[in-house]
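What follows is calculated from the coordinates using simple rules that are stated; it is not laboratory data. Note that the coordinates shown come from a computational prediction; the quantities given were computed from them, not determined experimentally. Here the Cβ positions follow ideal geometry from the backbone for every residue, glycine too, while neighbour counts run over all protein chains shown.
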Amino acid sequence: MAARATPNTSAVVMAFAERFRSADECRGIWYRERGPLTELWLVTDPIDLPGERHLRALGLEVSAAFRDVTVDFHILNSRLVGDDPQGLVPAGAEYHPIR
Amino acid sequence: MDGRTQLHLDAAERHKNLAPWLLHSPRPPDLTSYPDEWVVTILFYSAVHLISAYLMERAGPGSIPRSHAERFAEVGRRPELRSIVMPYTELYDWSIAARYAARPTFAATDLQAASDDRDRIARVISQLLGVE
């Protein structure tokens, strides 16, 4: 079982979920703490390159709001990775719904 | 410049030059499609060497990350590398898809975007190292 998220990580995850809540192509967030990093994976439906880059820019905006946490934000786009994007989320990551 | 910095820059260039070779060389008869996923992966590792070159030159061999997580942390904490976070993360994510997805699918526009990402990182690192 993954370790309980620290308050900082919980705040980061909540902020990301809030930011992507209205984006229908976003399926969910997985996260874990790893050393100095808070790692996040956003799993999406198949989206084109501009759409993926838009979400990536939004993620960087959210990350920038947390000066005391280094956020390592990733996107698993079903267009590139196929039918099972969740299968590429590293072991130990916790799921967080976004809506 | 430290000789080890140059070795990383050389490796980055070698990887970059291998990518178009993979895409445009005649295919062996038993290879039914071009190895797009390895093009993406090679471009990502070119970027890794560029970052290693910069860290070697600025902070010495002890600063070279030993894992992707350490490299993300190092890039994330250095303001002068802020502009490469997006292209580097994009290359990393696509290389994960390339290496671990059962059937990764990259369009020609994705391969061009990956090459552009790598070149953007190269420009920033070259400017920082003063080797333009």
Which shape class, rounded, prolate or oblate, goes with the protein assembly as shown when its Cα gyration tensor gives a ≥ b ≥ c as root eigenvalues, a/c under 1.5 marks rounded, and past that a/b bigger than b/c marks prolate? oblate
If one compares the long axis through the Cα atoms of helix A:49-64 with the longest principal axis of the Cα atoms of chain A, the angle in degrees, nearest 10, works out at 10 degrees
Rounded to the nearest 500, what is chain B's calculated 222 nm mean residue ellipticity when only DSSP H runs of at least 4 contribute -39500 (n - 2.57) each, over all residues? -24500 deg cm²/dmol
R0 = 41 Å: FRET efficiency of A:ASP83 with B:ALA69, Cβ-based, nearest 0.05? 0.90
Provide the per-residue ³J(HN,Hα) series for the range B:79-91, in order, calculated from phi with Karplus coefficients 6.51, -1.76, 1.60 and θ = phi - 60°, each as a whole number of Hz, with x at glycine and proline positions. x, 5, 9, 4, 6, 9, 4, 5, x, 5, 5, 4, 4
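Starting from the range B:1-93, pick out the trypsin sites (Lys or Arg not before Pro) whose DSSP state is loop and whose Cβ has at most 10 other Cβ atoms within 10 Å. Please report the intermediate quantities before stating the final value.
On the way: sites: B:ARG4, B:ARG14, B:LYS16, B:ARG58, B:ARG66, B:ARG71, B:ARG77, B:ARG82; in loops: B:ARG66.
Taking the range B:1-93 and a limit of 10 other Cβ atoms within 10 Å, the loop trypsin sites (Lys or Arg not before Pro) found are B:ARG66.
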Which three extents, in angstrom, do the Cα atoms of chain B have along their principal axes, listed largest first? 46, 25, 23
Roughly what % antiparallel, to the nearest 5, for the DSSP beta bridges in the protein assembly as shown? 60 percent
Among B:LEU81, B:LEU23, what is the fewest-to-most ranking by other Cβ atoms within 10 Å? B:LEU23, B:LEU81
How much of the DSSP beta bridge set in chain A is antiparallel, as a percent to the nearest 5? 60 percent
Likely footprinting exposure, B:THR109, B:THR32, fewest C-beta neighbours within 10 Å first: B:THR32, B:THR109
So the angle from the long Cα axis of helix A:7-20 to the longest Cα principal axis of chain A, reported in degrees to the nearest 10, equals 20 degrees
Other-chain or far-sequence residues with amide H under 5 Å of A:ILE75's (modelled H): A:LEU42
At a Förster radius of 45 Å, what calculated FRET efficiency corresponds to the Cβ-Cβ distance of A:MET14 and B:ALA108, to the nearest 0.05? 0.70
Could you please rank A:ASP84, B:ASP110, placing first whichever residue has the fewest other Cβ atoms within 10 Å of its Cβ? A:ASP84, B:ASP110
What is the set of long-range amide H partners of A:ARG34 at a cut-off below 5 Å, with H atoms built 1.01 Å from backbone N? A:GLU39
Counting alpha carbon pairs within less than 8 Å and at least 6 residues apart, what relative contact order, in whole percent, applies to chain A? 37 percent
From the backbone phi of the range B:28-33, what are the Karplus-calculated ³J(HN,Hα) couplings (6.51 cos²θ - 1.76 cosθ + 1.60, θ = phi - 60°) in whole Hz, Gly and Pro given as x? x, x, 8, 9, 7, 8
Which trypsin sites (Lys or Arg not before Pro) from the range A:39-69 combine a DSSP loop assignment with at most 12 other Cβ atoms within 10 Å? A:ARG67
Express in nm, to one decimal, how much length is gained between A:ASP45 and A:ALA57 on full extension, taking 0.36 nm for each residue of separation and deducting their alpha carbon distance. 2.6 nm
Once the principal axes of the Cα atoms of the range A:1-66 are found, what is the range along each, listed largest first in whole angstroms? 34, 26, 20
